[in-house]
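A.B. asks: One structure coming up, written as structure tokens, with questions to follow.
The values are calculated or read from the model by the stated rules, or taken from the named source; none is laboratory data. Owing to the predicted nature of the structure, the values given are computational and were not obtained by experimental measurement. Reconstructed Cβ throughout: ideal geometry from the backbone, glycine too, with neighbour counts over all protein chains shown. Accessible surface is based on the protein model in full, side chains and every heavy atom, while ligands, DNA and RNA are left aside. Shrake-Rupley method; radii C 1.70, N 1.55, O 1.52, S 1.80 Å.
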Amino acid sequence: MNLHEYQGKLLFAEYDLPVSKGKIIFKAEDAIDACNEIGGLKWVVKAQVHAGGRGKAGGVKLIDDPKEAVEFSKKWLGNRLVTYQTDKDGQVVNSILIEECTDISSELYLSAVIDRESQKVVFIGSSEGGVNIEDVAKNSPEKIIYQGIEHKDLSLSIKAENIAEVLKLNDDQTKQFIPMIDNLYRLFIEKDLSLLEINPLVINANGDLHCLDAKINIDSNALFRQPELLKMYDETQEDPQEAEAAKNDLSYVSLEGNIGCMVNGAGLAMGTMDTIKFFGGNPANFLDVGGTATQERVAKAFKIILRDPDVKVVLVNIFGGIVRCDLIAEGVLAAIKEVDVTIPVVVRLEGNNAELGAKILSKADIDIESINDLADAAKKAVELAE
Ligand code: GDP
Ligand code: MN
């Protein structure tokens with residue numbers, strides 16, 4: 001799960017990391033009050049979306065008049081910001097972070113990820129901040145340090161000093177940096193993060209370290225023990241079908257094609273997608289209803305698939321191992337009746353109660369292609385999609 005920058009910075013503040021004084025607003029009319037409350041003469045206004053690259057896309061602006069904060073908010077609130085990290089539709093902006101403007105003397109890069117190979121949290125640092133770290137990695141890899149940190153690391157300060165050296169920090173800054181790494185590591189572990197990135201970490205005009213941006217990903221498998229973080233979930237930043245599926249505990253991934261797939265089991269889903277591809281078609285999604293598929297879940301899955309306007313045909317491929325095919329058949333029929341389906345549906349049921357399932361489908365007063373062989377079913381779906 002991703003956090004917004006402003007949410008990440010709340011966590012930073014909780015862990016004594018230096019962030020700018022700021023306010024989050026959801027309405028343009030609150031912009032002037034926010035600037036006045038923050039005080040000072042210069043501010044930075046930042047569109048909040050789950051994507052980086054906002055600066056280059058016009059989603060971050062330095063201003064010296066609160067009226068500009070109103071203009072900026074009016075321009076972005078309710079609209080979509082497209083950056084090089086988003087898809088072509090971009091991400092909707094529902095809030096603006098207003099901060100006091102920091103005078104920057106240099107921009108650095110700092111992040112932490114889990115390295116599965118060494119089974120450690122690895123900090124990544126570079127003196128080249130504010131830019132695309134992928135470009136630095138490609139063009140000047142010697143400017144990047146990867147430093148693993150262990151649990152209760154006794155040499156933490158030496159390791160922090162190693163990073164500080166690559167960041168070209170002076171003695172004072174290094175003194176600030178050592179507890180910073182300690183705090184970031186605690187934050188990473190205690191909040192079950194999978195990624196933490198500060199780009200840029202800056203040295204301000206006073207020569208002090210300051211976190212100007214905050215990107216945080218939380219390990220979704222740990223959310224059950226992070227109820228406070230779960231409250232920060234922002235569904236508006238997710239693919240609508242994927243969010244709806246996640247809510248219903250269904251595995252769904254949007255793809256580019258036009259054949260909707262409803263399958264039980266990840267392996268069978270892969271096989272189904274391969275078979276569609278083999279016959280020259282393109283799957284519109286990956287949807288695994290799982291082994292506990294009830295009529296209700298199947299109906300829900302059906303609705304989610306049909307919400308994608310690109311879907312021209314739905315291929316249902318169920319192996320009745322745990323799920324009974326007659327239940328699936330009833331679920332499909334219930335869903336088709338519930339949602340107003342105007343596109344063809346190809347159903348292939350195999351396994352437990354497959355014949356009964358096929359019989360239910362063939363008796364239905366709805367136009368369904370019930371095909372027993374996977375290759376034939378996939379071929380038919382590809383044909384119908386064309
Ligand atoms: P991103 O483009 O989505 O990664 O957004 P950032 O939060 O990193 O902001 C983009 C850029 O805006 C930063 O790299 C800075 O150069 C600039 N910026 C952000 N906040 C401030 C600030 O307080 N003062 C100044 N001078 N520049 C800022
Ligand atoms: Mn950034």
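A.B. asks: Could you grab me the full set of residues in segment 295-334 that are outside any helix (DSSP H, G or I) and open to solvent by less than 60 Å² (accessible area, probe 1.4 Å)?
C.D. replies: If the condition is that a residue be outside any helix (DSSP H, G or I) and open to solvent by less than 60 Å² (accessible area, probe 1.4 Å), then Asp308, Val311, Val313, Val314, Leu315, Val316, Asn317, Ile318, Gly320, Gly321, Val323 are the ones that fit.
Residues checked against (1) over 15 Å from Val60 (Cα atoms); (2) more than 16 Å from ligand 1 (Cβ to nearest atom); (3) at pLDDT 95 or above:
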{"site": "Val93", "(1), (2), (3)": "no, no, yes"}
{"site": "Leu97", "(1), (2), (3)": "no, no, yes"}
{"site": "Ser106", "(1), (2), (3)": "yes, no, yes"}
{"site": "Val113", "(1), (2), (3)": "yes, yes, yes"}
{"site": "Val136", "(1), (2), (3)": "yes, no, no"}
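A.B. asks: Take the residues in segment 85-131 that are closer than 22 Å to Gln48 by Cβ, open to solvent by 60 Å² or more (accessible area, probe 1.4 Å) and in a strand (DSSP E or B), then tell me which one is nearest to ligand 2 (Cβ to nearest atom).
C.D. replies: Glu107
A.B. asks: Also: Determine whether segment 361-369 contains at least one residue that is under 15 Å from Gly260 (Cβ atoms) and open to solvent by 10 Å² or more (accessible area, probe 1.4 Å).
C.D. replies: Within segment 361-369 (the criterion being under 15 Å from Gly260 (Cβ atoms) and open to solvent by 10 Å² or more (accessible area, probe 1.4 Å)), the answer is yes, since at least one residue qualifies.
A.B. asks: A further question on this structure: Regarding segment 46-55, can at least one residue be identified that is over 17 Å from the mean Cα position of the chain (by Cα), surrounded by 14 or more Cβ atoms within 10 Å (Cβ to Cβ), within 13 Å of ligand 1 (Cβ to nearest atom) and in a helix (DSSP H, G or I)?
C.D. replies: Looking for residues that are over 17 Å from the mean Cα position of the chain (by Cα), surrounded by 14 or more Cβ atoms within 10 Å (Cβ to Cβ), within 13 Å of ligand 1 (Cβ to nearest atom) and in a helix (DSSP H, G or I), one finds none in segment 46-55, hence no.
A.B. asks: In this structure, does Asn248 turn out to be open to solvent by less than 30 Å² (accessible area, probe 1.4 Å), over 15 Å from Leu10 (Cα atoms) and touching a residue at least 24 places away in the same chain (Cβ under 8 Å)?
C.D. replies: no
A.B. asks: Among the numbered criteria (1) over 19 Å from Tyr6 (Cβ atoms); (2) near ligand 1 (Cβ under 8 Å from one of its atoms); (3) among the polar types (S, T, N, Q), which single criterion is violated by Thr83?
C.D. replies: All conditions pass for Thr83, except number (1).
A.B. asks: For segment 272-292, what are the residues that are closer than 13 Å to Asn317 by Cα and either of a type in the set (A, V, I, L, M) or touching a residue at least 40 places away in the same chain (Cβ under 8 Å) (or both)?
C.D. replies: Selection gives Thr272, Met273, Thr275, Ile276, Leu287, Val289, Gly290.
A.B. asks: Grab the strands (runs of 3 or more DSSP E) fully contained in segment 152-224, keeping just those with 1 or more residues being away from ligand 2 (no atom under 16 Å from the Cβ) and modelled with pLDDT of 95 or more.
C.D. replies: So the answer is 193-204, 215-218.
A.B. asks: Now a separate question. Would you confirm whether any residue within segment 43-57 is touching a Phe, Trp or Tyr at 6+ places or on another chain (Cβ under 9 Å), within 16 Å of ligand 2 (Cβ to nearest atom) and charged (D, E, K, R)?
C.D. replies: yes
A.B. asks: Answer yes if at least one residue in segment 61-78 is within 16 Å of ligand 2 (Cβ to nearest atom) and open to solvent by less than 30 Å² (accessible area, probe 1.4 Å), and no otherwise.
C.D. replies: No.
A.B. asks: Go through segment 56-68 residue by residue and tally those that are more than 9 Å from ligand 1 (Cβ to nearest atom) and among the β-branched types (Val, Ile, Thr). Please lay out each step first, then the result.
C.D. replies: At the first step, the residues of segment 56-68 found to be more than 9 Å from ligand 1 (Cβ to nearest atom) are 58, 63-68.
Filter again for among the β-branched types (Val, Ile, Thr), leaving 63.
Within segment 56-68, residues that are more than 9 Å from ligand 1 (Cβ to nearest atom) and among the β-branched types (Val, Ile, Thr) number 1.
A.B. asks: Taking segment 335-353 as the search range and keeping residues that are closer than 21 Å to Lys379 by Cα and of a type in the set (D, E, K, R), which one is least open to solvent (accessible area, probe 1.4 Å)?
C.D. replies: So the residue we want is Arg348.
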